[in-house]
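Please read the structure below before turning to the comments.
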Amino acid sequence: MLNKESNELLCRVGPGTPMGNMLRQFWVPALRSAKLEAGGAPERVRLFGENFVAFRGSDGRVGFLDEGCPHRGVSLALARNEDCALRCIFHGWKINVDGQVVEVPSEPAGSNLASKIKVNHYPVRDAGGVIWVWLGQGEQPSPFPNIEFTTLPVEQVLVRKGIVHCNWVQILEGFLDSAHVTALHKTWLPKDNSTQGTFPGMMGDMAPRYEIEERPYGFMANAKRAWPDGTQVNRATEYILPWATIIPSALKTIHSITIAVPIDDEYCIYWNISWDTENPIDAESYDAVAGIGTLGPDPDDIYFPRGTADQVWGQNRELMKQGNFSGFTAIPIEDFAVQESQGVFADRSKEHLGASDVAVIRMRRILLDMAKDYQDGKTPRSLDQQIAYDQIHGSHEVILGGAVKN
Ligand code: FES
Ligand SMILES: [Fe+2]
């Protein structure tokens, strides 16, 4: 349970908020790399309640700027991409990837106005099929999180995202809540205690016991399940501060990360990134082995808000009659329906938390402390050291009759 004041501190991320300021110190996955063609159309990006524009010059460099033209505020998402710079279509001012105004054709010849104006621009990294941006305060960007997929060739990485109409913390809470998997997602889980598939052996116990191990980058949440015959199942989810989890699966070479990035207080980007450490991967091959249901073919639109409370978030009762537990067609879509149904801001003063909510409670505490500490001038936890993110994997272990099978 959180009182109203703590809930506001946890959820609000707009300009000047303590949580928003702290989160901006982390590198943010902003858009898929493939969205930016060299010399092609700029993309509008909204993060933490502020609007930006990203573009790729014909030389391949990426610019990430405040959205408004410095002249009179027209969106640079409307601009032409010319010679590694954006030309505003209103009066033709031209701004390069470094935010420098390089031409002001509406001014008299000889004017030095251009040299005096600079647009806010931000450091970017193009890694793992994602454009990352650093929106923080300070001279130097924070250390970049070299999560394993950012080190692989893009053919081995599958990057997908969706937009969810609720506060980002609700999405993150879902990542850290193992107990819901055996209820909400039971349609997709094997019913026996075999070691086959992505999430084997979970259905024997709906009440996992948590053991949390602190890590410099967050924590590892071990959710332990036991069958009446003695089979034990341990899922270890890695929480990577501030908004990501490596979701455990029993697949050997395929790993997945989910990341909840605030667009603003009321909308969230859900990133679902999977990688194969040995082979190329695509949506078709991944969906065939992952067993999480069918996501849309558009990698930038694997989810969009499915409707309102009046439309019960798109739930399909016919599917339920045919044996589907929840009435939704894929694991992430089940998640977002329940999370949107909590309201845009879940009222955490009314909840009744139990033993299965331990990881959620721990995450809230850590983030609240980090926001307050940052206000007091402390570097956010995990940004004060170099961490080997590429070594972090979740694990899903099934122990049958005392022998480790996975
Ligand atoms: S508003 Fe962009 S050039 Fe005038
Ligand atoms: Fe879920």
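Readers should treat all values here as calculations from the given coordinates under stated rules, not as data from a laboratory. If you're wondering where the values come from, they're calculated on a predicted model, not measured in any experiment. When we count neighbours, we look across all protein chains shown, and the Cβ atoms used for this are built from the backbone with ideal geometry, even at glycine.
At-a-glance table
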item	result
Fluctuation leader among Ser349, Ser382, Ser326 - the chain, Gaussian network, Cα springs under 10 angstrom	Ser349
Separation between Cα centres of region 260-326 and region 154-213, rounded to whole Å	12
Of Leu76, Asn3, Ser111, farthest towards positive along the dipole that unit charges on Lys, Arg, Asp, Glu beta carbons give region 1-111	Asn3
Unpaired by the 4.7 Å Cβ criterion, cysteines found in the chain	Cys11, Cys84, Cys166, Cys268
Candidates Thr245, Thr379, Thr308, ranked by Gaussian network fluctuation over the chain, Cα under 10 Å, top entry	Thr308
Virtual spin-label span in nm between Lys350 and Ser106, 7 Å along Cα→Cβ	5.0
Positive-end residue, region 226-377 charge dipole about Cα centroid, Cβ charges, pick of Tyr267, Gln311, Ala346	Ala346
Student exercise, the chain dipole from Lys, Arg, Asp, Glu Cβ charges, in Debye to nearest 20	400
Within region 99-193, GluC sites (Glu not before Pro) in DSSP loop having at most 16 other beta-carbon neighbours inside 10 Å	Glu139
Within straight-line cross-link reach of Lys116, aspartates and glutamates at Cα separation under 16 Å, skipping those fewer than 8 residues along the same chain	Asp98, Glu103, Glu107
Cross-link partners of Lys161 among lysines (Cα-Cα below 21 Å; sequence separation of 8 or more within a chain)	Lys35
DSSP-loop chymotrypsin sites (Phe, Trp or Tyr not before Pro) across region 61-101, with at most 16 other Cβ within 10 angstrom	Phe90
Among Gly296, Gly16, Gly138: highest mean-square fluctuation, GNM of the chain, C-alpha pairs under 10 Å	Gly138
Taking all pairs of distinct alpha-carbon atoms in region 208-295, Kirkwood radius in angstrom	15.0
Area projected by the alpha carbon convex hull of region 287-374, averaged over all directions, nm²	9.0
Rounded if a/c under 1.5, otherwise prolate or oblate - region 162-271, Cα gyration tensor axes	prolate
Three-way shape label, region 41-133, alpha-carbon gyration tensor, a/c 1.5	prolate
Where only C-alpha atoms are counted, convex hull volume of the chain per residue in Å³	153
Estimated FRET transfer efficiency (Lys116, Asp229; beta-carbon r; R0 56 Å; 0.05)	0.15
Least to most buried among Glu238, Glu8, Glu278 (fewest other Cβ within 10 Å first)	Glu278, Glu8, Glu238
Listed residues Trp188, His393, Leu295: farthest to the positive end of the dipole of region 148-404 (Cβ charges)	Trp188
Longest site-free stretch - the chain; sites: trypsin sites (Lys or Arg not before Pro), DSSP loop, at most 14 other Cβ within 10 Å	73-190
Partner aspartates and glutamates for Lys224 [C-alpha distance under 16 Å; skip if fewer than 8 residues away on the same chain]	Asp177, Asp205, Glu211, Glu213, Glu238, Asp357, Glu397
Computed helical MRE - 222 nm, the chain, DSSP H runs ≥ 4 contributing -39500 (n - 2.57), nearest 500	-4500 deg cm²/dmol
Contour excess over end-to-end distance, with Cα ends at Asp369 and Glu214 and 0.36 nm allotted per residue	54.3 nm
